[in-house]
Amino acid sequence: MKRKSIFTLSLLLVTLAFTSCEKSVYDADKQPQKEKTVADLVVPSGFDWKMVKNAQCEITAQGASNVSVYSDQECTENAMLATLQTNDGTLTIPLSLPANSKEAYLQYETVNGKKMVLAAAADKDNVIHFTLPQDSKPSPETRADNANGGSGSINYPKNGWGTVMFEDQFPSLGDYDFNDFVLGYRVQIPFRSGRRGKSVIDAIQFGIELRAMGGSFPYAPCVRLKDLKAADVDEIEVYQRFNTSVETVVWSAGPDGEVIMDFRNLVAATSKPSGSTFFNTDKEYLVTELPQLNIAIYMNKEVNVNSVDFESFDFYWAKADHGPEIHLGGYKPVYDTYPSDNSGLGWDYYYNKKGLIWGLNVPAPMAHVIEKGNFLDAYKDFAAWAMSGGQDKANWYNGEKNNELLIKTQ
């Protein structure tokens, strides 16, 4: 009886030992998986992350007509790139087209009151040519100083707001929630025909809205107009402001004489909600009245409209006293020495060796991700867009989303 008890006990111990050993075996399929973030994406070599490209648009007409240029064939209002009045001759202006776009669309009205649309593709020199038909409705007003060309207004990135968003841990990659700084912007450029037949500008209208600050480092937003000389600017003034005490724009000439606008005073005048760690990155502390400035940049001479094409607007973040800077991919620093000896950096300014970036410029108003939210979970199509080098899911910001991870400001 005693032996039977010992045998039973021994069998039980062996069974327990075997079970214990079995539970300790590593099973990779049962281990918690590391959450994939933007930092884990594999993107094609040379991918520039741009969602907009520069193009030249030439419109030839035999008289004055009111027309508009769009980025979509339906000619929807938020896809309007320019509105203009033609005149006798050829009008040439810069446009900002979607990066994967092959065509632009010109809408005009016939003498019979019917709206028509012309489509034209960019040629090998990235120029889009339109010839306005003779049945286009004449404009009731023709300004004498617009002969041999025309006048109008160009929108960047198109009609409405664009969005720039940054990570602030350069040259480290950070957590990639892209909310360390989030700005809304819009640009409208009135133009006319100059004395030499070129399209020229006398002013720029620039809007900026501070939407979120989720960073821990003392950066502030700046804008460099890299092809516009400060010597050609007479004044930069705030003509409208909302939800901020800021009344002036701090601007200066950069090292190459270009215009630099520094919005450090806008950041300093913006307070985070009581109890919140950051500004507008937590749904419990939403900010619904965002600080916004509408700015006029006045020229003191005729300036060629191509001096302010879309890519000449360099949005970046900088520390005080010409300290470290973080730019969108491909833009060289203004004052900072680019840390080219950093082993993690890549083939061009502000790309790492994997081709990843620290800033995005989106040609639309879009919601930003909450603090520590996963950008890939918030925007489901973003990974496919990035890994395809921008060929797939070009409108990822309008695709499938997880609204629980997003803060909408527009």
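Here are some notes:
- Positions within the stretch 53-67 being under 23 Å from the mean Cα position of the chain (by Cα) and either closer than 17 Å to Ser151 by Cβ or part of a loop (DSSP other than H, G, I, E, B) (or both), in sequence order: Cys57
- The stretch 77-93 - residue that is open to solvent by 10 Å² or more (accessible area, probe 1.4 Å) and modelled with pLDDT of 95 or more and, of those, farthest from the chain's Cα centre (by Cα): Thr83
- Hey, Ala364 touching a residue at least 24 places away in the same chain (Cβ under 8 Å), surrounded by fewer than 21 Cβ atoms within 10 Å (Cβ to Cβ) and of a type outside the set (D, E, K, R) or not: yes
- Verdict on Val334 being in a loop (DSSP other than H, G, I, E, B) and closer than 23 Å to Glu235 by Cβ: yes
- Entirely in the stretch 196-312, the strands (runs of 3 or more DSSP E) that have 3 or more residues that are surrounded by fewer than 18 Cβ atoms within 10 Å (Cβ to Cβ): 199-212, 233-242, 250-253, 292-304
- Members of the stretch 146-177 found to be modelled with pLDDT of 95 or more and aromatic (Phe, Trp, Tyr), listed by number: Tyr156, Trp161, Phe166
- Condition check for Trp385 on (1) within 20 Å of the chain's Cα centre (by Cα); (2) open to solvent by 50 Å² or more (accessible area, probe 1.4 Å); (3) within 27 Å of Ala79 (Cβ to Cβ); (4) not basic (Lys, Arg): one failure, at (2).
- Scope the stretch 115-124; condition modelled with pLDDT under 95 and either under 20 Å from Gly63 (Cα atoms) or surrounded by 17 or more Cβ atoms within 10 Å (Cβ to Cβ) (or both); matching residues: Ala122
- Exactly one residue among Val127, Val182 is open to solvent by 10 Å² or more (accessible area, probe 1.4 Å) and of a type in the set (Val, Ile, Thr), and that residue is Val127.
- Cβ-Cβ under 6 Å pairs, at least 6 apart or on other chains, the stretch 179-194 side without any contact (Cβ under 8 Å) to a residue 40 or more places away in the chain and among the basic types (Lys, Arg), far side open to solvent by 10 Å² or more (accessible area, probe 1.4 Å) and not in a strand (DSSP E or B): Arg186/Trp161
The values are calculated or read from the model by the stated rules, or taken from the named source; none is laboratory data. The model shown is predicted, which means the values in this text are computed figures rather than measured ones. When we count neighbours, we look across all protein chains shown, and the Cβ atoms used for this are built from the backbone with ideal geometry, even at glycine. All accessible areas refer to the heavy atoms of the entire protein, side chains included, with ligands and DNA or RNA removed. Shrake-Rupley method; radii C 1.70, N 1.55, O 1.52, S 1.80 Å.
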